[in-house]
């Protein structure tokens, strides 16, 4: 597979058609055609996080394997945006599970800019600080943050799983992110 091809210009209608076709048929060739269009973008995301070409190429293939089931499980409105988040989370999980690859900062992890910026030497303390701050969140915020960022659930899935209203889920995630940022900034002083 050519990871360095120029990405094909976005065509949301075609992406949606291919998604629906794959969901109905389960034909991996259809999913492969859809993925091939965005593979250079996925590779770029993987390279950004993993900082290693071979690991990034492996991640691109692993993400495709994840897509086989996840595309059927999620209500995807914008495939490229959804795939970006999936790719980012996949890479972050790789970094977390393989301490040799650790080069990630928490602002990428939670989409905000906390004071902590772990490098190879202080990644583990930074992740421990994040986990401690997560534990300090009120239950609904912690549950919503965990489901959204770590379990890659969409708002609709979180609503179904928790019984919270859509507005509550959005509020819990927004407030949870703010509270995490405050907690992490306090711990870094």
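The values are calculated or read from the model by the stated rules, or taken from the named source; none is laboratory data. In this text, all values refer to a predicted model and were calculated from it rather than measured experimentally. Every residue, glycine among them, receives a Cβ derived from its backbone with ideal geometry; neighbour counts consider all protein chains shown.
In table form, for the structure just shown:
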| read-out | value |
| --- | --- |
| Yes/no for residue 170 being outside the structural domain of residue 70 (by TED's automatic domain parsing), at pLDDT below 90 and buried (at least 20 other Cβ atoms within 10 Å of the Cβ) | no |
| Search result, residues across segment 135-146 that are buried (at least 19 other Cβ atoms within 10 Å of the Cβ), within 19 Å of the chain's Cα centre (by Cα) and either modelled with pLDDT under 85 or in a loop (DSSP other than H, G, I, E, B) (or both) | none |
| Selected residue [buried (at least 20 other Cβ atoms within 10 Å of the Cβ), in contact with a helix residue (DSSP H, G or I) (Cβ under 9 Å, 6 or more places away or on another chain) and modelled with pLDDT under 50] from 106, 86, 95 | 106 |
| Those residues of segment 62-81 which are out of contact with any helix residue (DSSP H, G or I) (no Cβ under 6 Å at 6 or more places or on another chain), in a helix (DSSP H, G or I) and without any contact (Cβ under 8 Å) to a residue 40 or more places away in the chain, in sequence order | 62, 65, 66, 67, 69, 73, 81 |
| Segment 22-40, residues that are touching a helix residue (DSSP H, G or I) at 6+ places or on another chain (Cβ under 7 Å) and buried (at least 16 other Cβ atoms within 10 Å of the Cβ) | 22, 30, 31, 34, 35, 38, 39 |
